[in-house]
1. Hey, fewest Cβ within 10 Å first, where do Cys129, Cys208 land in order?
2. Ranking Leu85, Leu77 by Cβ neighbours within 10 Å, fewest first, what do you get?
3. Once label points are set 7 Å from the Cα along Cα→Cβ at both Thr164 and Arg94, what is their separation, rounded to one decimal in nm?
4. Can you tally the net charge around Thr164? Count Lys and Arg as +1, Asp and Glu as -1, for every other residue whose Cβ sits under 13 Å from the Cβ of Thr164.
5. What are the residues whose amide H is under 5 Å from the amide H of Thr106, where those residues sit 5 or more places off or on another chain and H is modelled from the backbone?
6. Could you tell me which of rounded, prolate or oblate describes the stretch 1-79, using a ≥ b ≥ c as the square roots of the eigenvalues of the alpha-carbon gyration tensor, with rounded for a/c under 1.5 and, failing that, prolate when a/b is larger than b/c and oblate otherwise?
7. Would you please give the residues with an amide H less than 5 Å from that of Phe159, counting only those at least 5 places away or on a separate chain, with H modeled from the backbone geometry?
8. Got a sec? How would Met174, Met1, Met46, Met195 order by Cβ neighbour count within 10 Å, fewest to most?
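Every read-out reported here was derived from the displayed coordinates using simple, explicitly stated rules and does not represent laboratory data. For clarity, every value in this text was computed on a predicted model and none was experimentally measured. A quick note on method: Cβ atoms are made from the backbone with ideal geometry, for glycine too, and the neighbour counts reach across all protein chains shown.
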Amino acid sequence: MKTVYSDNWFDRAFIWFFSQKMAQVAGQKSELAGYDGLVDLSVQIMRGRSARQQQDALAAVLRSLIPSYVLLGIRTLFDPTRRILEWNAWFASRMFTWLVGPCELTEVDVVGNNGQLRRQRSGLHIQKCRYLEASGCVGMCVNMCKLPTQDFFAKEFGFPLTLTPNFEDMSCEMVFGHPAPPIEEEPIYNQPCLMGDCPIAQPKAPACPQVRSA
């Protein structure tokens, strides 16, 4: 049974704004309203596109949300110090619940500039990802969230970020300050389709075809 959300005006405003940006990339609007429309637009963007093209499309959406001069200012003025990374995690825990659902800050170990591990509160535990639950698709999780989000924060903000989804309970761990490894080295690269959840699942495929599509 899927989680039922009661979006407030703040949530609905962000869902609408994000959907408008998604529609521009998709080249068409969704006939569905609210969060269902946002997921439908994600499906539209995925159709006919390779994994790399899906990631590039979502990257374009993310870049359109923040003016380029703001991103340049952040990269120039702010180094990924402990305080900055913790602030980013705190900000994400407050601003993105409309997209991913309830989440909480966690303490994590990251490698500092001196090469030593340091303990800091720059982790985020997403209890049950709304986006993953609504789509039920491994490929959408990887190509339309995990990889472009990691890349966006690393390149546009200059802040390392790793997202690690759990497809058994649909939770996710975000760690600001931890550089993301190559997707080929992660278990998610061999993750099969979520049978019974994904509308385009391929039961005979050893891993989700969307993740490895050329």
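1. Starting with the residue having the fewest Cβ neighbours, the order is Cys129, Cys208.
2. Leu77, Leu85
3. 2.7 nm
4. For residues surrounding Thr164, the net value is -4.
5. Sorted by chain and number, the residues that satisfy this are Gly123, Leu124, His125.
6. Numbers: a/c = 2.17, a/b = 1.32, b/c = 1.65.
Taking the square roots of the gyration eigenvalues as a ≥ b ≥ c, the stretch 1-79 is oblate.
7. Amide H neighbours of Phe159, under 5 Å, 5+ apart: Ala154.
8. Working: Met174 28, Met1 3, Met46 24, Met195 10.
By the 10 Å Cβ count, ascending, the order reads Met1, Met195, Met46, Met174.
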